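Below you'll find the structure, written out as structure tokens, and then a few comments.
Laboratory data are not the source of any read-out in this text; all were calculated from the coordinates shown. Since the structure is predicted, the reported quantities are computational estimates derived from the model, not experimental observations. Glycine also receives a Cβ, built like all others from the backbone with ideal geometry; neighbour counts cover every protein chain displayed.
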Amino acid sequence: MCADCIHYPNWTDAMMITLPPELITYLKKATRVAALTGAGVSQESGLRTFRDAQAGLWAQYRPEDLATPGAFARDPKLVWDWYAHRRESAKFAKPNAGHYALAAMEKYIPEFTLITQNVDGLHRVAGSMNVLELHGNILNVRCSECGTFDDNWGDDSLAVPRCKKCNGLMRPDVVWFEESLPRAQLDAAVNAMHTCQVFFSIGTSGVVHPASALAHAAKAEGAVVVEINAEPTPLTAKADFAFHGKSGEILPDLVKAVWGG
Ligand code: BV8
Ligand code: ZN
């Protein structure tokens, strides 16, 4: 545990966070802030986190075993159906107070970059504008051969839909393991990391690369690092401030305490 870190006990619903005065000072003065979010931010919107045990039919699979090009090549229908199941959940999910608090922060801070690993699109639904979707968006579907997008792929009950242009297999527009992240999004995220004065890591276990390296690099370059997560992660010991609890509770309290919003 680093000497200058402040670690908060596990959150209870009733608790209102008491922010350390130095964090309030940092945030009030900050003009450049970056936030990396993970599946934990959408947990209170009813979406399973990546490492939560899957449910029902999908309980027998590990996400890491389905979210790969190899899995799609071996059994395209299984992978297609898993994403169809998750797409339906994402379509009906609503942003929670944590998403809205991050959208509010974008209004209070001159340069606020929201870097997300999430593929559910909820940050944009909540009103965040400057969003970098490092791992793509589950609501979009593209051809695995020619990259043509299609939002009207028809009946997929018996077979994976095929591209209207080249007859290639359609796939979700997400970044699978062993696939490279979209260059422009990653470059913009790295730039935000280099320039930020405060870096938030929110609702992420911090194990997936290269996204998880951003917070550590920000710390090494002198940014104040704030972790908000339900449980400790490999970043916790390095963070300047670590709040352990629900992001949907902590973020609105933080926005209220700093900006009165
Ligand atoms: C790549 C899209 C080059 C698909 C996803 C270096 C070292 C080690 C490994 C690697 C490395 N470099 C590359 C790798 C391999 C790999 C990797 O990192 N593997 C891991 C498993 C070790 N990385 C890659 O392959 C990346 N590509 O580097 O390209 C390359 C090329 C060829 C060969 C090698 C490398 C691509 C990674 C992208 C994979 N795609 N998603 C889909 O969604 O189906 S990643 C997936 O994990 C999701 O996007 C998810 O968001 C992300 C990270 O998980 P988290 O968001 O953190 O979710 P998790 O469930 O883990 O944690 C949630 C946290 O929230 C928990 O801590 C929980 O306590 C907390 N929580 C829960 N509720 C709440 C809460 N917190 C607050 N409030 C709450 N209410
Ligand atoms: Zn095609």
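Kindly indicate whether Glu221 is more than 10 Å from ligand 1 (Cβ to nearest atom) and either more than 14 Å from the chain's Cα centre (by Cα) or under 20 Å from Tyr83 (Cβ atoms) (or both). Judged against the criteria, Glu221 is a match. Restricting the stretch 139-159 to residues that are within 25 Å of Ala93 (Cα to Cα) and within 16 Å of ligand 1 (Cβ to nearest atom), the residue that is surrounded by the most Cβ atoms within 10 Å (Cβ to Cβ) is Val141.
Summed over the stretch 157-186, the residues that are away from ligand 2 (no atom under 16 Å from the Cβ) and part of a loop (DSSP other than H, G, I, E, B) give a count of 10.
Being within 10 Å of ligand 1 (Cβ to nearest atom) and either surrounded by 20 or more Cβ atoms within 10 Å (Cβ to Cβ) or assigned to a strand (DSSP E or B) (or both) is the filter here; which residues of the stretch 32-46 pass it? I'd like the intermediate steps shown before the answer.
Pass one, the stretch 32-46, residues within 10 Å of ligand 1 (Cβ to nearest atom): 36-45.
Scanning the stretch 32-46 gives Leu36, Thr37, Gly38, Ala39, Gly40, Val41, Ser42, Ser45.
Inspect all residues belonging to the stretch 115-123 and state whether any of them is more than 16 Å from ligand 2 (Cβ to nearest atom) and small (Gly, Ala, Ser). Scanning the stretch 115-123 turns up at least one residue that is more than 16 Å from ligand 2 (Cβ to nearest atom) and small (Gly, Ala, Ser).
Identify, from the list Leu78, Leu23, the residue that is touching a residue at least 12 places away in the same chain (Cβ under 8 Å), closer than 27 Å to Phe200 by Cα and touching a Leu at 6+ places or on another chain (Cβ under 9 Å).
Values: Leu78 fails: closer than 27 Å to Phe200 by Cα.
Among Leu78, Leu23, only Leu23 is touching a residue at least 12 places away in the same chain (Cβ under 8 Å), closer than 27 Å to Phe200 by Cα and touching a Leu at 6+ places or on another chain (Cβ under 9 Å).
Under the condition of being assigned to a loop (DSSP other than H, G, I, E, B) and within 16 Å of ligand 1 (Cβ to nearest atom), which residue from the stretch 109-127 is surrounded by the fewest Cβ atoms within 10 Å (Cβ to Cβ)? Within the stretch 109-127, the match that is surrounded by the fewest Cβ atoms within 10 Å (Cβ to Cβ) is Gly121. Scanning the stretch 161-184 for residues that are surrounded by 15 or more Cβ atoms within 10 Å (Cβ to Cβ) and either within 16 Å of ligand 1 (Cβ to nearest atom) or of a type in the set (S, T, N, Q) (or both) returns Met170, Arg171, Pro172, Asp173, Val174, Val175, Trp176, Phe177, Leu181, Pro182. From the list Ala211, Ala189, Ala215, the one residue that fits, being in a loop (DSSP other than H, G, I, E, B) and either surrounded by fewer than 19 Cβ atoms within 10 Å (Cβ to Cβ) or in contact (Cβ under 8 Å) with a residue 60 or more places away in the chain (or both), is Ala211.
For the stretch 96-105, does any single residue satisfy the condition of being over 26 Å from Leu254 (Cα atoms) and out of contact with any His (no Cβ under 7 Å at 6 or more places or on another chain)? Looking through the stretch 96-105, none of the residues is over 26 Å from Leu254 (Cα atoms) and out of contact with any His (no Cβ under 7 Å at 6 or more places or on another chain).
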